[in-house]
1. Looking at 187, 212, 235, which one is at pLDDT 95 or above and polar (S, T, N, Q)?
2. Across the range 188-227, what is the number of residues that are crowded, with 16+ Cβ neighbours inside 10 Å and small (Gly, Ala, Ser)?
3. With (1) farther than 24 Å from residue 156 by Cα; (2) out of contact with any Gly (no Cβ under 6 Å at 6 or more places or on another chain); (3) not small (Gly, Ala, Ser) as the list, and residue 109 as the residue in question, which single condition is left unmet?
4. Among the residues of the range 120-136, write down those that are part of a helix (DSSP H, G or I) and over 26 Å from residue 59 (Cβ atoms).
5. Being free of Cβ contacts under 8 Å to residues at least 40 places away in the same chain and either in contact with a strand residue (DSSP E or B) (Cβ under 7 Å, 6 or more places away or on another chain) or of a type in the set (S, T, N, Q) (or both) is the filter here; which residues of the range 197-221 pass it?
6. It is to be established whether one or more residues within the range 56-72 are in contact (Cβ under 8 Å) with a residue 24 or more places away in the chain, more than 30 Å from residue 193 (Cβ to Cβ) and acidic (Asp, Glu).
7. If you go through the range 174-184, how many residues are buried (at least 22 other Cβ atoms within 10 Å of the Cβ) and either under 19 Å from residue 89 (Cα atoms) or among the hydrophobic types (A, V, I, L, M, F, W, C) (or both)?
8. Tell me which residues, restricted to the range 189-228, are in a helix (DSSP H, G or I) and either under 16 Å from the mean Cα position of the chain (by Cα) or among the hydroxyl-bearing types (Ser, Thr, Tyr) (or both).
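The values are calculated or read from the model by the stated rules, or taken from the named source; none is laboratory data. These figures come from a predicted structure and were not determined experimentally. All Cβ positions, glycine included, derive from the backbone under ideal geometry; neighbour counts span all protein chains shown.
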Amino acid sequence: MKQTVFITGASSGIGKSAAKYFSSQGWQVAATLRQPEKETELAKLPGVKLYPLDVTRDETVHAALAAARRDFGRIDVVVNNAGFGADGVFEAMDDAFIQRQFETNVFGLMRVTRAAIKLMREQGGGTIVQIASVGGQVAFPLYSIYHATKWAVEGFTESIQFELAPLNIRVKIIEPGAIKTEFYGTSRAMVKPTDTRVYDAFVEKCERVNQSAGATGADPIVVAKTIFHAATDGSAKLRYPIAYPANVLLPLKRFLPAWLYFWFVRANYKI
C-alpha cells in the first residue's frame, strides 16, 4: 500500500519542493494551500491532490485532513511547513503584526499538529515533521519576532515527543539555513519605524547581509530531501539541520562561549 504525506504551505518554496519530491518517490501527496485553484503544476503530478487549507482557521485544518484521509485512506506523515518571515525593528511592530506572525507560525502549526495527533493515534501511529529554522536555536538582527515563533516551535516539539512516543507517533524538526525562497521576497513582512531615523544605518547593514544570504541560499530541494529522510529513517532522531549557516552556526553555538558566539554574529553583520 502506498504511503501518504500531508503538506501545509505547498504553494511555493520548501512546501512545493517537498510535494514534488514525495511524488517522485512514489508517495501519495495531499498538498494543501490557501488557494488551490491557482496552482497548476502540482495537480499534474502522479499521486498528488490539492486541498484548501488556511492554518489560521481551525475548520479548514480539520476539513483538509478529513478529505485527505477519505481520499487516501491513511495519512502516514504530516509536514507542517506553512509560515512566513517577519523582520524589522521591534519598536515599530504593533500587536496586530506580532499576532499575525504567531497566528501562522506557531498557533497554526499547533492546530495542524493537534489534529494530526488525533488522526494518527486512531490509526496506530505516524510521523509529524515541523519545519523550523536555524533561527529556532540562534538569533540574528531584525528577526526578533520570527525567532520568537521558531524558538516556540522547537520547545513545543521537543516537549510533545515524550507524550507521543508511546502512541507510535514520531516528531521531527527540520532546521534549514538560508534557502532561496520567497521568505526573502513576496512572503516577507518587513517593518521600519516612520517616526525616527535612528535605526536607519543599522537596518541598512543588516538588510544587506540578510538579503545576500537569501540570494545565495540553497535550493529548496535540499530541504525536501531532508524532510523525506526524516520522515522515512525510522529513527528517534529529533533535529535535522540542513544548509549553511545551520550546519555551521548550530555546532558553533553549542561549543563556543556566549560572548565569542555573539562577537561572531556582530562581526558578520559589521555592527
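1. Numbers: 187 fails: at pLDDT 95 or above; 212 fails: at pLDDT 95 or above.
So the residue among 187, 212, 235 that is at pLDDT 95 or above and polar (S, T, N, Q) is 235.
2. Summing the residues that are crowded, with 16+ Cβ neighbours inside 10 Å and small (Gly, Ala, Ser) in the range 188-227 gives 5.
3. Status for residue 109: all satisfied but (1).
4. Here is the first cut: in the range 120-136, the residues part of a helix (DSSP H, G or I) are 120-123, 134-136.
134, 135, 136 - these are the residues of the range 120-136 that are part of a helix (DSSP H, G or I) and over 26 Å from residue 59 (Cβ atoms).
5. Listed by number, the residues that qualify are 211, 212, 216.
6. Within the range 56-72 (the criterion being in contact (Cβ under 8 Å) with a residue 24 or more places away in the chain, more than 30 Å from residue 193 (Cβ to Cβ) and acidic (Asp, Glu)), the answer is yes, since at least one residue qualifies.
7. Initial filter on the range 174-184 (buried (at least 22 other Cβ atoms within 10 Å of the Cβ)): 174-177, 179, 181, 183.
Imposing the further condition that a residue be either under 19 Å from residue 89 (Cα atoms) or among the hydrophobic types (A, V, I, L, M, F, W, C) (or both) reduces the set to 174, 179, 183.
Selection size over the range 174-184: 3.
8. Applying the first criterion (in a helix (DSSP H, G or I)) to the range 189-228 yields 200-215, 220-228.
Once the filter is applied, which keeps residues that are in a helix (DSSP H, G or I) and either under 16 Å from the mean Cα position of the chain (by Cα) or among the hydroxyl-bearing types (Ser, Thr, Tyr) (or both), the range 189-228 yields 212, 214, 220, 221, 222, 223, 224, 225, 226, 227, 228.
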